[in-house]
Amino acid sequence: VLELSNPLPILVTVDMYVGIVTPTGPVYWIKDVNTYEGSWSNSLNDDPRTFLSLWPGMTLIPGLRETWTEFVEYTFAGSEPVGTYHLLVAWAIPGSFADGRIDPGDVIAGDWKAFNFTP
């Protein structure tokens, strides 16, 4: 379940990032939730210019409240690493990662949820 809201009385434009942090450390950045197209980074400490935005320039209308109960679904094949994964969702100022750093104020909001994979 993913809940998204804009409590502000103005339009807010963000870049939305969705990543899966694997038990061994690499992060898969999802570019398309339908095909799971994306790219890998070695960790969350990598150059953020390599992080793919799922929805760059996403506009959130004033008063927005959305709940997506099935935002990401994936069926494990069994060859994936066993352990704890983290689903990471972040909303950032558009283009703020272009300087290769994540500075204070670049990320507007974010959250993660842990889940375990055991075949």
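Derivation of every value follows stated rules applied to the coordinates shown; laboratory data play no part. The structure displayed is predicted, hence computed values, not measured ones. Cβ coordinates were reconstructed from backbone atoms using ideal geometry, including for glycine residues, and neighbour counts include every protein chain displayed.
Which of rounded, prolate or oblate describes segment 1-85 when judged by the alpha-carbon gyration tensor and an a/c cut-off of 1.5? It comes out prolate by the Cα gyration axes.
A straight line joining the Cα centroids of segment 17-47 and segment 64-81 runs 13 Å.
Sites listed here are trypsin sites (Lys or Arg not before Pro) in segment 16-119 whose DSSP assignment is loop and whose Cβ has at most 11 other Cβ atoms within 10 Å: 101.
Rounded, prolate or oblate: which one fits segment 55-110, using the alpha carbon gyration tensor with axes a ≥ b ≥ c (rounded when a/c is under 1.5, else prolate when a/b beats b/c, else oblate)? Oblate is the answer for segment 55-110, as a/c is 1.5 or above yet b/c matches or exceeds a/b. Each Cα pair under 8 Å and six or more residues apart adds its sequence gap; the mean of these over the residue count of segment 1-78 is a relative contact order of 44 percent.
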